[in-house]
Amino acid sequence: MAEAEKLFKINIVTPNGLIYSHRGSSVSMRAIDGDRQILYNHLPILTPLTIGEVRVQRGADVDHKVDHIAVSGGIIEFANNVATIIADNAERARNIDLSRAEAAKQRAEALIKEAKEKHDEQLLERAQIALRRAINRIHVYDELQK
């Protein structure tokens, strides 16, 4: 008899509510100390995340589809085969408005230029974060198109 597929619950929550909730065989993301992947029965973990892509490998019931989600930092907690990501902002690839993301990238690049001309370190830091977020959203959108 075939062994049952080992899936666990993956939830992504923002201040706007639950963004994602499915079962999967793995979840991959970028933590502040590097890339991480969590599988069924992983040891409990609580770690901060950077701006990046979260990839959820789904089960056989959906042909092992991979879901792509852009997150703007946050934390992931894994315990008792439940992964919970709490992020300031998260967006599924299928919900990303590419033209809006590209416009945000252009605004951030203009702000970086302005901040450098004015020698404004705070504005420069905020603009660089905005640029990373926009680039991440574009990248996650592109992953869906592959």
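The values are calculated or read from the model by the stated rules, or taken from the named source; none is laboratory data. Note that the coordinates shown come from a computational prediction; the quantities given were computed from them, not determined experimentally. A quick note on method: Cβ atoms are made from the backbone with ideal geometry, for glycine too, and the neighbour counts reach across all protein chains shown. Remember, those area values only see protein heavy atoms, side chains included, never the ligands or the DNA or RNA. Shrake-Rupley method; radii C 1.70, N 1.55, O 1.52, S 1.80 Å.
Do we have any residue at all in the stretch 73-86 that's under 13 Å from residue 135 (Cβ atoms), crowded, with 18+ Cβ neighbours inside 10 Å and not polar (S, T, N, Q)? Even if it seems obvious, please write down each step before you answer.
Restricting attention to the stretch 73-86, the residues satisfying the condition of being under 13 Å from residue 135 (Cβ atoms) are none.
Within the stretch 73-86, none of the residues are under 13 Å from residue 135 (Cβ atoms), crowded, with 18+ Cβ neighbours inside 10 Å and not polar (S, T, N, Q).
Just to be sure before I move on: is residue 62 modelled with pLDDT of 95 or more and out of contact with any Lys or Arg (no Cβ under 7 Å at 6 or more places or on another chain) in the structure I sent?
Taking the combined requirement at face value, the residue does not satisfy it.
Considering only residues that are touching a residue at least 12 places away in the same chain (Cβ under 8 Å) and of a type in the set (Asp, Glu), look in the stretch 1-54 and name the one that is surrounded by the most Cβ atoms within 10 Å (Cβ to Cβ).
53
From 38, 19, 45, grab the single residue that is among the aliphatic types (A, V, I, L, M) and within 23 Å of residue 132 (Cα to Cα).
Of 38, 19, 45, the one residue that is among the aliphatic types (A, V, I, L, M) and within 23 Å of residue 132 (Cα to Cα) is 19.
Restricting to the stretch 98-146, name every residue that is closer than 21 Å to residue 66 by Cβ and free of Cβ contacts under 8 Å to residues at least 12 places away in the same chain. Before you say what the answer is, go through the steps one by one.
The first filter runs over the stretch 98-146 and keeps only residues closer than 21 Å to residue 66 by Cβ, leaving 98, 101, 135-146.
Result: 142, 145, 146.
Yes/no matrix, rows are residues, columns are (1) farther than 23 Å from residue 54 by Cβ; (2) open to solvent by 70 Å² or more (accessible area, probe 1.4 Å); (3) in contact with a Phe, Trp or Tyr (Cβ under 6 Å, 6 or more places away or on another chain):
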position: 100; (1), (2), (3): no, yes, no
position: 104; (1), (2), (3): no, no, no
position: 107; (1), (2), (3): yes, yes, no
position: 111; (1), (2), (3): yes, no, no
position: 124; (1), (2), (3): yes, no, no
position: 127; (1), (2), (3): yes, no, no
position: 137; (1), (2), (3): no, no, no
position: 143; (1), (2), (3): no, no, no
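If the requirement is being open to solvent by 40 Å² or more (accessible area, probe 1.4 Å), among the acidic types (Asp, Glu), under 18 Å from residue 144 (Cα atoms) and out of contact with any Asp or Glu (no Cβ under 6 Å at 6 or more places or on another chain), which of these qualifies: 67, 63?
Numbers: 67 fails: open to solvent by 40 Å² or more (accessible area, probe 1.4 Å).
Unique residue meeting the criteria: 63.
Which condition number in (1) more than 16 Å from residue 138 (Cα to Cα); (2) surrounded by 15 or more Cβ atoms within 10 Å (Cβ to Cβ) is the one that residue 90 fails?
(1)
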